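The next block holds one structure in the form of structure tokens; read it before the comments.
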Amino acid sequence: MSNRTYTKEELFAAMASLGVKDVVSAERYGSGHINDTFRVVDAKGVQYILQRINTDIFPDPDAMMDNITRVTAHIRSKGGRSLEVLGYVRPWRLYAFITGARTVDLITDARQAYLAANAFAKFQDALADLPQPRLNEILPKFHNTLSRLELLDAAAKADVKGRRALVSRELDFVDAHRAEAGRIVEAMASGEIPERITHNDTKINNVMLDDVTQEGVAVIDLDTTMPGSALYDFGDMVRTSTAAAAEDEKDLSKVFSREEYFEALVKGYLAGAKFLNDAELDALAFSGRLITFTIGVRFLTDYLAGDTYFRTAYEGHNLVRCRTQFKMVESMEAQRGRYEQIVRENLGR
Ligand code: ADP
Ligand code: GN1
Ligand code: MG
């Protein structure tokens, strides 16, 4: 994704097209990898989130906005807090700024993990009775690890940037993990794991935590909310909320998964997600390893393809991110027995 800069005039014009004409300031905001996000303030001091939707990644933003409108209205109808769409003129959209809360890129205490997981669980729970029709499938096969591996293989074969020789260790790591890659996809195909409405991007900076109580006040970044597996949502929480270091930490000795945070996630998630079946419960610990592996595969693919998907800040950024993900997988593998025990204990098994 580009790091393109926007002129003040461009941003003010986008705001005017969305109905806000008295803009005072507009500045880049947040650390998302996909959209271009700005915090905008008007003459009355009202804050907004302005976003340019990344239409290279989301080819049908109308379908996406249709999902978001339905999902947010449903959550609000149940008394929950959600994103509020104030305007949409493709590819720009405007959200009310959620005040009194913030996002974090790295969790600093286990209680935050509990509260974030609980917020994502309640989000899934609230959407379980969303009326038909089925939500639009915004990015098909988004978490399908087998498809992601096919894309990696194609990128390695094409090797458009001549980087393949630099990643032979990572490719070996991938090969050593192919055997289990289809477990959730296959269990969904057989019906053992049900399709649910899921967020699909439950990284920790996609939930706003209350400034004072740290409670999850609203789940945000609803671009990929669509039919999926609850396990992918839990897995991405494990990936991002148990990490001891940033997603792009270069010193791998600092990168590992923290048991205490895993336990807090399990407790917070199970307290809100009463709907899970046995197959889902059995795969909770596995889902953390699988989604972390899958995101690592995606970073590696983007590195090989020349960094066209995720926003990067420097050459090799995606490779650094891939390495942290694979280190996290190793860390979770080393703690596998304990993590599975934590899940069982919290299920009273
Ligand atoms: P991306 O898809 O690029 O990750 P996000 O929708 O997650 O974009 O937005 C990026 C960041 O902007 C979030 O992590 C959060 O910090 C902030 N943000 C997004 N929406 C809001 C909102 N409605 N109120 C306050 N902050 C927001
Ligand atoms: C992207 O949009 P953001 O930054 O919250 C990506 C996720 C990845 C994540 C890795 C639409 O999330 O799938 O897990 O980066 N979103 C999309 O940090 O591809
Ligand atoms: Mg985001």
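Matching residues to (1) within 16 Å of ligand 2 (Cβ to nearest atom); (2) modelled with pLDDT of 95 or more:
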| site | (1), (2) |
| --- | --- |
| Asn3 | yes, no |
| Ala16 | no, yes |
| Val20 | no, yes |
| Glu27 | no, yes |
| Gly32 | yes, no |
| Gln51 | yes, yes |
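Would you pick out the residues in region 229-265 that are within 24 Å of Phe58 (Cα to Cα) and open to solvent by less than 10 Å² (accessible area, probe 1.4 Å)?
Within region 229-265, Ser229, Ala230, Leu231, Asp233, Phe234, Gly235, Asp236, Met237 qualify.
Can you report the number of residues in region 77-99 which are of a type outside the set (Ser, Thr, Tyr) and touching an Asp or Glu at 6+ places or on another chain (Cβ under 8 Å)?
Number of matching residues: 2.
Given the residues Ala63, Ala43, Ala26, which is the only one that is loosely packed, with under 14 Cβ neighbours inside 10 Å and either aliphatic (A, V, I, L, M) or under 29 Å from Pro140 (Cβ atoms) (or both)?
Ala43
Just to be sure I understand, how many residues within region 188-205 are under 14 Å from Gln124 (Cα atoms) and within 12 Å of ligand 2 (Cβ to nearest atom)?
Residues flagged as under 14 Å from Gln124 (Cα atoms) and within 12 Å of ligand 2 (Cβ to nearest atom) within region 188-205 amount to 4.
Among the residues of region 116-130, is any over 27 Å from Leu276 (Cβ atoms), assigned to a helix (DSSP H, G or I) and of a type in the set (Phe, Trp, Tyr)?
no
Which of the numbered conditions does Glu137 fail, given that it passes all the others? Conditions: (1) open to solvent by less than 90 Å² (accessible area, probe 1.4 Å); (2) charged (D, E, K, R); (3) not in a loop (DSSP other than H, G, I, E, B).
Every condition holds for Glu137 apart from (3).
Taking Glu170, is it open to solvent by 40 Å² or more (accessible area, probe 1.4 Å) and in the same structural domain as Leu281 (by TED's automatic domain parsing)?
So Glu170 does not fit the description; no.
Kindly list, by first and then second residue, each pair from a residue in region 295-309 that is closer than 18 Å to Lys157 by Cβ to a residue that is of a type in the set (Phe, Trp, Tyr) and open to solvent by 20 Å² or more (accessible area, probe 1.4 Å), limited to pairs with Cβ atoms under 6 Å and residues at least 6 apart or on different chains.
Every condition considered, the pairs that remain are Asp302/Tyr309.
Can you pull out the residues in region 324-339 that are within 23 Å of the chain's Cα centre (by Cα), open to solvent by 20 Å² or more (accessible area, probe 1.4 Å) and not basic (Lys, Arg)?
Glu330, Glu333
Across region 92-110, what is the number of residues that are buried (at least 16 other Cβ atoms within 10 Å of the Cβ) and of a type outside the set (A, V, I, L, M)?
Of the residues in that region, 5 qualify.
Just to verify a result, which residue in region 29-40, among those that are open to solvent by 20 Å² or more (accessible area, probe 1.4 Å) and on the phi < 0 side of the Ramachandran plot, is nearest to ligand 1 (Cβ to nearest atom)?
Gly32
Assess whether Ala26 counts as being without any contact (Cβ under 8 Å) to a residue 12 or more places away in the chain and either touching a strand residue (DSSP E or B) at 6+ places or on another chain (Cβ under 7 Å) or of a type in the set (A, V, I, L, M, F, W, C) (or both).
For Ala26, the condition - without any contact (Cβ under 8 Å) to a residue 12 or more places away in the chain and either touching a strand residue (DSSP E or B) at 6+ places or on another chain (Cβ under 7 Å) or of a type in the set (A, V, I, L, M, F, W, C) (or both) - is not met.
Anything in region 108-135 that is among the polar types (S, T, N, Q) and over 18 Å from the mean Cα position of the chain (by Cα)? List them, or say none.
Residues satisfying the conditions are Thr108, Gln132.
For region 1-16, which positions are in contact with a Phe, Trp or Tyr (Cβ under 7 Å, 6 or more places away or on another chain) and closer than 17 Å to Val85 by Cβ?
Ala14, the sole residue that qualifies.
Answer yes if at least one residue in region 240-247 is modelled with pLDDT of 95 or more, more than 16 Å from the chain's Cα centre (by Cα) and of a type outside the set (Asp, Glu), and no otherwise.
The answer is yes; a qualifying residue exists.
The values are calculated or read from the model by the stated rules, or taken from the named source; none is laboratory data. Treat the numbers as computed from the prediction; the structure is a model and nothing was measured. Glycine also receives a Cβ, built like all others from the backbone with ideal geometry; neighbour counts cover every protein chain displayed. With ligands, DNA and RNA removed, areas are computed over all heavy atoms of the protein, side chains included. Shrake-Rupley method; radii C 1.70, N 1.55, O 1.52, S 1.80 Å.
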